[in-house]
């Protein structure tokens, strides 16, 4: 995505002198991760140290002896990216105390949902609790895409993955998607936000806020995945990300010092079928019948949307919605 596409931004505020993530990587055509990384990196003009655990972004941008990164970069194990960047940030503070460094440096993690919601959650929680001055970005493609499209706790209910098969005995994943932002916000860190690459102005502004706060900041960003979501046209990724927002499956909001705020309200809330019908991982879902999965999906989206409205201070919403999840 070229900078000229961000027509709604004030150009003088966008640091774009050096590409921190360059072209030439080997991510799938249409992958959301590279778009997300580049948009997030537009949120600061400070030097950045990036840490990536094993995952799609890591394996595709650092194939030895090549790299697509124009910044210091650390590859960590699958589950310890937050611990790794915490150690780097702590060493940086030690150097500053000893007057061995005087530059303002930012510390950033890019991790997938497997390395965030699941394997890396303990390390993430520890880093947040300790209060490290880091920005943690989860590019959420809703499964373990790099290792074969296995389900994660981020995978939505009813979705096909290679470990939640579809057939006579199963209709895809049966468990609900984890609400990771709610988990992170419970740590009472300065800044938490959910964003989508389909709305670049919103995403870049949230990245700016995340880099500006002192202490931990967390960004949860939807990342379309052509092979995992099973859509045919690789160019449809941003369209699908946008439909997720417009259907309120993926609402855009932020939690700033404990205060919840919607940053975008769809002018006309679309049915969730507008989003799922474009993806092969949901093609087995049919309307009607016992335990209608499409009706259940819509009910879950509506319930979580009403819950979010209540957290953001909407007077017509109620937090008493947990039973329907």
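The values are calculated or read from the model by the stated rules, or taken from the named source; none is laboratory data. The structure displayed is predicted, hence computed values, not measured ones. Cβ placement follows ideal geometry from the backbone for every residue including glycine, while neighbour counts extend to all protein chains displayed.
Residue 236: under 21 Å from the mean Cα position of the chain (by Cα), over 26 Å from residue 29 (Cβ atoms) and part of a helix (DSSP H, G or I), yes or no?
So residue 236 fails the test.
Restricting segment 82-112 to residues that are outside any helix (DSSP H, G or I) and out of contact with any helix residue (DSSP H, G or I) (no Cβ under 8 Å at 6 or more places or on another chain), which is modelled with the lowest pLDDT?
This residue is 103.
So, in segment 144-160, how many residues would count as being touching a strand residue (DSSP E or B) at 6+ places or on another chain (Cβ under 6 Å) and closer than 27 Å to residue 42 by Cβ?
Looking only at that region, the number is 1.
Would it be correct to say that residue 270 is modelled with pLDDT under 95, closer than 21 Å to residue 156 by Cα and part of a loop (DSSP other than H, G, I, E, B)?
no
Kindly provide the set of residues from segment 149-170 that are surrounded by fewer than 19 Cβ atoms within 10 Å (Cβ to Cβ), in a loop (DSSP other than H, G, I, E, B) and modelled with pLDDT of 95 or more, ordered by number.
Hits for segment 149-170 are 153, 157, 162, 163.
In segment 273-293, is there at least one residue being buried (at least 20 other Cβ atoms within 10 Å of the Cβ), modelled with pLDDT under 95, in a loop (DSSP other than H, G, I, E, B) and in contact with a helix residue (DSSP H, G or I) (Cβ under 8 Å, 6 or more places away or on another chain)?
yes
Please work out if residue 302 is farther than 24 Å from residue 231 by Cα and out of contact with any strand residue (DSSP E or B) (no Cβ under 6 Å at 6 or more places or on another chain).
So residue 302 passes the test.
Quick check on residue 128: is it under 18 Å from residue 41 (Cα atoms) and modelled with pLDDT of 95 or more?
When the stated conditions are applied, residue 128 does not pass them.
I'd like the full set of residues that are assigned to a loop (DSSP other than H, G, I, E, B), touching a residue at least 12 places away in the same chain (Cβ under 8 Å) and within 29 Å of residue 294 (Cβ to Cβ), limited to segment 245-267.
Result: 247, 248, 249, 250, 251, 252, 263, 264, 266.
Go through segment 57-81 and give me each residue that's modelled with pLDDT of 95 or more and within 16 Å of the chain's Cα centre (by Cα).
Once the filter is applied, which keeps residues that are modelled with pLDDT of 95 or more and within 16 Å of the chain's Cα centre (by Cα), segment 57-81 yields only 81.
Can you find even one residue in segment 171-188 that is modelled with pLDDT under 95, more than 14 Å from the chain's Cα centre (by Cα), assigned to a strand (DSSP E or B) and surrounded by fewer than 22 Cβ atoms within 10 Å (Cβ to Cβ)?
yes
Among the residues of segment 189-204, write down those that are assigned to a loop (DSSP other than H, G, I, E, B) and touching a residue at least 60 places away in the same chain (Cβ under 8 Å).
Within segment 189-204, 189, 190, 197, 199 meet the criteria.
Based on what the data block shows, is residue 43 in contact with a helix residue (DSSP H, G or I) (Cβ under 7 Å, 6 or more places away or on another chain), in a loop (DSSP other than H, G, I, E, B) and surrounded by 24 or more Cβ atoms within 10 Å (Cβ to Cβ)?
Judged against the criteria, residue 43 is a match.
Hey, can you tell me all the residues within segment 46-80 that are surrounded by fewer than 20 Cβ atoms within 10 Å (Cβ to Cβ) and assigned to a helix (DSSP H, G or I)?
59, 60
Criterion first (within 27 Å of residue 236 (Cβ to Cβ), surrounded by 13 or more Cβ atoms within 10 Å (Cβ to Cβ) and touching a residue at least 60 places away in the same chain (Cβ under 8 Å)) does residue 308 satisfy it?
Answer is no for this residue.
How about segment 113-147: which of its residues are surrounded by 22 or more Cβ atoms within 10 Å (Cβ to Cβ), in contact with a helix residue (DSSP H, G or I) (Cβ under 8 Å, 6 or more places away or on another chain) and assigned to a helix (DSSP H, G or I)?
115, 116, 117, 123, 124, 127, 128
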